[in-house]
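Can you keep this structure in mind? I'll have questions shortly.
The values are calculated or read from the model by the stated rules, or taken from the named source; none is laboratory data. Note that the structure is a prediction, hence the values are computed from the model and not measured. Here Cβ is always computed from backbone atoms with ideal geometry, including for glycine, and neighbour counts include all displayed protein chains. For accessibility, only protein heavy atoms count, side chains too; no ligands or nucleic acids. Shrake-Rupley method; radii C 1.70, N 1.55, O 1.52, S 1.80 Å.
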Amino acid sequence: MLLLCALAGWLAFGKGEALAQELRTAQAIAGHVTPKDGTPARVALDATVTFQDPTLTIFLRDETGATFIRAAKENPRVNRGERLRVEGETHTGLIIGGIKPSRIERMGAEAEVNAREVTPDELASGRFHYHWVTMSGVIRSLRREGESAATLVVNVAGKTVELRIDEFPPHLGALVDAEVRVGGLAAGDINDRRQLVAPYVRLGGIGDIEILQPPAADPFAAPIAPIAGLRTDAAGGHRVKIRGVALSAPIAGGLFIRDGERSVFVRTDAEEVKAGDVVEALGFAEMGVFSMHLSDAMCRVVGSLDAPAPLRVTPKELANGTDAELITLEARVLQRIDRESHTEVMAQSDAVNLTIVLPGKAPADAQAESSVR
């Protein structure tokens, strides 16, 4: 009987210890996951505000790390740099632990919130998730998201990083190809396994973008780069300009352009282009599945020639990496599949199997075992 009473007392003491657990650092809170059948830990934290989003989620940091106060309409609207004293209990977030507050006390402000310099790989690792970070690069594109938000893509050290801003200034589109330094909250899309699958940086506003070098006043004044020499680092992450003859009207989301030696795919919204037009394209070089191409490009027609003739290629040349070229070859049809907007033809030329995609309907006699050019 004495032993049972002692055991019961020990269990009660252990339970009291669990309930009395109190987390006092951002690092401890971020790393805490409350078991589904467990009791949340108590929180008492002094920390600095780094960011607040439109849902009133408040992101915090101290000398140990970063955490957040979960969204609630009762949360005060705060400013970056404010010091808060937060009491409450732990909240299991999507990727790191946060706080469900019972009391938030405002304690004045710091002079400045310094950002941590990170690389794209460090951002993708999730190591600095919800930290206030900074990086430098070249703005390569901007797209509107709804009425006021926008997403910017920046070239940083040879890789692209997505920036999201809740308030879109109309003039931001003029900053494409500007060198900038940005400060923002490391964030991203999270899967149900608490894994970071799509990192991005959230900006509080236009003030989080520092322009180090504005874009050229006349971007098309840039020198012409040979298509054969395109490299992702050729212009330090800036746009490059090429000139060549359009092999066709726009197709597959862009243009195929030949400069006499090589052809390249240019991803662009340009529409008023036809085969034979001499086109100047200004865009960002990046590696595709088979070869370099230009993305986020702007184009202008500067002349016109005869429509280019296709190159005659052998199946061996095709298999060895012929890409982005207008070509002709002969093949034997193995199968055809008529889709709503196009026809897919499976064919063979010597020992090379091909998939041929034709806009609209292929000729009726292009059936299995027929020969086509």
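Residues of region 233-373: accessible area per residue at 1.4 Å, in Å²? Walk me through the numbers before you get to the answer.
Values: 8010 Å² over 141 residues.
Computed with neighbouring chains in place, this is 57 Å² per residue.
Something else now. Percent antiparallel among DSSP beta bridges with both residues in the chain, to the nearest 5? Could the numbers behind the result be given before it?
Details: 96 of 109 bridges.
Of the beta bridges lying entirely in the chain, close to 90 percent run antiparallel.
Right, next: At a Förster distance of 41 Å, what's the computed FRET efficiency of S136 paired with T64, Cβ-Cβ distance as r, to 0.05? Could you put the intermediate results ahead of the total?
Working: r = 27 Å, r/R0 = 0.65.
According to the calculation, E is roughly 0.95.
For region 62-119, with every protein chain kept in place, what is the accessible area per residue (1.4 Å probe, Å²)?
Details: 3340 Å² over 58 residues.
Value returned for region 62-119: 58 Å² of accessible area per residue.
In addition: Quick one: length gained pulling A157 to E112 fully straight, 0.36 nm per residue minus the C-alpha distance?
On the way: separation 45, 0.36 × 45 = 16.20 nm, distance 2.67 nm.
Result: 13.5 nm gained on full extension.
For region 71-158, state which trypsin sites (Lys or Arg not before Pro) are in a DSSP loop and have at most 11 other beta carbons lying within 10 Å of their beta carbon. Could you put the intermediate results ahead of the total?
Details: sites: K73, R77, R80, R83, R85, R103, R106, R116, R127, R140, R143, R144; in loops: K73, R77, R80, R127.
Counting only loop positions with at most 11 other Cβ atoms within 10 Å, the trypsin sites (Lys or Arg not before Pro) in region 71-158 are K73, R77.
Here is a follow-up. Go ahead and run the numbers for FRET between N320 and S371, Cβ-Cβ distance against an R0 of 22 Å, rounding to 0.05. Present the calculation step by step, with values, prior to reporting the outcome.
Details: r = 23 Å, r/R0 = 1.06.
E between N320 and S371, to the nearest 0.05, is 0.40.
Another question, then. Exposed loop sites here are GluC sites (Glu not before Pro) in DSSP loop states with at most 14 other C-beta atoms within 10 Å. What is the longest stretch of the chain lacking them?
Numbers: sites that count: E63, E74, E110, E112, E147, E167, E261, E271, E272, E330, E340, E369.
Formally, the longest exposed-site-free interval is 168-260.
Just how large is the dipole of region 235-359 about the Cα centre, in debye to the nearest 20, putting +1 at every Lys and Arg Cβ and -1 at every Asp and Glu Cβ? Before the final figure, lay out each step's value.
Values: 13 positive and 18 negative charges, 35 e Å.
Taking the Cα centre of region 235-359 as origin, the dipole is about 160 debye.
Tell me the angle of helix 2-20 to the major Cα principal axis of the chain, expressed in degrees between 0 and 90 and rounded to the nearest ten.
Once rounded, one gets 60 degrees.
Going through region 245-293, which trypsin sites (Lys or Arg not before Pro) have at most 15 other Cβ atoms within 10 Å and a DSSP loop state?
Numbers: sites: R258, R262, R267, K274; in loops: R262, K274.
Filter output for region 245-293: K274.
What FRET efficiency comes out for the pair D306/I251, r = Cβ-Cβ distance, R0 = 25 Å, nearest 0.05?
Values: r = 19 Å, r/R0 = 0.77.
That gives a FRET efficiency of 0.85.
Can you work out the PRE-style zone for R194? Point 7 Å along Cα to Cβ, and I want the residues of region 90-118 with backbone N under 15 Å.
Only 90-99 pass the distance filter.
If you don't mind, another one. What is the percent carbon and sulfur in the accessible area of the chain, measuring with a 1.4 Å probe over the protein chains and ignoring ligands? Don't jump to the answer; show the numbers that get you there.
Values: 10710 of 20670 Å².
About 52 percent, which is the carbon plus sulfur part of the accessible surface.
Across the chain, how many lysine pairs, 8 or more positions apart or on different chains, have C-alpha atoms separated by under 25 Å? Please give the number. Before the final figure, lay out the partial values.
Working: K15/K36; K15/K100; K36/K100; K73/K100; K159/K241; K241/K274; K274/K361.
Value for the chain: 7.
Given a 1.4 Å probe, how much area per residue of region 165-226 is accessible, in Å²? Mind showing how you got there, number by number?
Values: 3220 Å² over 62 residues.
In whole numbers, region 165-226 has 52 Å² accessible per residue.
So for the chain, what are the equivalent ellipsoid semi-axes in whole Å, largest first, each being the square root of 5 times an eigenvalue of the Cα gyration tensor? Present the calculation step by step, with values, prior to reporting the outcome.
Working: eigenvalues 627, 163, 51 Å².
Over the Cα atoms of the chain, the semi-axes work out to 56, 29, 16 Å.
In nm, what is the difference between 0.36 nm times the number of residues separating E210 and S148 and their Cα-Cα distance? All intermediate terms of the calculation are to be shown ahead of the outcome.
Working: separation 62, 0.36 × 62 = 22.32 nm, distance 2.04 nm.
Answer, rounded to one decimal: 20.3 nm.
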